[in-house]
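Below is one structure, written out as structure tokens; the observations come after it.
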Amino acid sequence: MEKFRRESYMGKNIEPLGEGREKEVFVSPNDPDKVVGIMKESAESAEEAKAEFYLTKILHLLHPELVPDISARTTEPNAVERERVFGGESTFRQNDAVKDGLFALGVKLDSKPSNYIAEADKPARYVDTVKTWLRNGERNYDPDKIREAVAALPEPDRAGALAYLARLEALHAARFPADTV
Ligand SMILES: Nc1ncnc2c1ncn2[C@@H]1O[C@H](COP(=O)(O)OP(=O)(O)OP(=O)(O)O)[C@@H](O)[C@H]1O
Ligand SMILES: [Mg+2]
């Protein structure tokens, strides 16, 4: 789709909303409540990108106040579409609330301050990509803790989150076949 291509923004006087090492982030052309992140490098694999989408969906269903929703993740071109966060610079205390909330699910976050955006006295929201797993296969999430937390969700969120977790775990098993857990 056009909105995932860098050329759609170049030479049109569209300033990025933000930029990091990995991506340039623009307001989505057809929806001011969403942002499009255009990666500077190509994706590791389509599976890797899908795993990132599923994990982000699960974390958003469990903690919408900490993790903005994800609506698309493409690899050709390499891009992502997320819910836009309206807010400003956050404090360390606000960032710690996010880290603690997600650490309880076995998820570790990048501490770089620009990855956290807070609105007034609310905890910050983590806008950057959440890492799925390390090169050695170690997951950056605890499936058991996620299952436990998901059990407390109302339907249809519970069924949705469990379906995403099953797909995420299937991708993990395919990527790291030697892993027994
Ligand atoms: N959902 C969002 N809503 C509003 N602004 C956002 C959103 N996502 C990203 N941004 C803006 O774009 C900037 C860069 O985004 P992000 O941290 O995802 O990029 P990155 O290149 O992956 O970062 P890093 O350098 O940490 O790897 C953020 O600091 C923020 O200013
Ligand atoms: Mg960042």
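Observations, loosely collected:
- Segment 105-157, subset in a loop (DSSP other than H, G, I, E, B), touching a residue at least 40 places away in the same chain (Cβ under 8 Å) and more than 26 Å from Arg84 (Cβ to Cβ), residue farthest from the chain's Cα centre (by Cα): Gly137
- Matching residues in segment 108-154 - criterion: being aliphatic (A, V, I, L, M), near ligand 1 (Cβ under 10 Å from one of its atoms) and within 18 Å of Lys57 (Cα to Cα): Val127
- Set Leu165, Leu61: member being touching a Pro at 6+ places or on another chain (Cβ under 8 Å), more than 16 Å from ligand 1 (Cβ to nearest atom), in contact (Cβ under 8 Å) with a residue 40 or more places away in the chain and not in a loop (DSSP other than H, G, I, E, B): Leu165
- If you go through segment 9-30 and pick out every residue that is within 11 Å of ligand 2 (Cβ to nearest atom) and part of a loop (DSSP other than H, G, I, E, B), you end up with 3.
- Checked across segment 34-42, the condition of being more than 13 Å from ligand 1 (Cβ to nearest atom) and either charged (D, E, K, R) or in a helix (DSSP H, G or I) (or both) holds for no residue.
- So Glu52, is it assigned to a helix (DSSP H, G or I), within 16 Å of ligand 2 (Cβ to nearest atom), at pLDDT 95 or above and within 28 Å of Ala173 (Cα to Cα): yes
- Complete set of residues in segment 118-154 that are hydrophobic (A, V, I, L, M, F, W, C) and in contact with a strand residue (DSSP E or B) (Cβ under 8 Å, 6 or more places away or on another chain): Ala118, Ala124, Val127, Trp133
- Some residue of segment 110-117 being on the phi < 0 side of the Ramachandran plot and away from ligand 2 (no atom under 16 Å from the Cβ): no
The values are calculated or read from the model by the stated rules, or taken from the named source; none is laboratory data. Fair warning: this is a prediction, and the values are worked out from it, not measured in the lab. Positions of Cβ are generated from backbone atoms using ideal geometry, with glycine treated the same way; all protein chains shown enter the neighbour counts.
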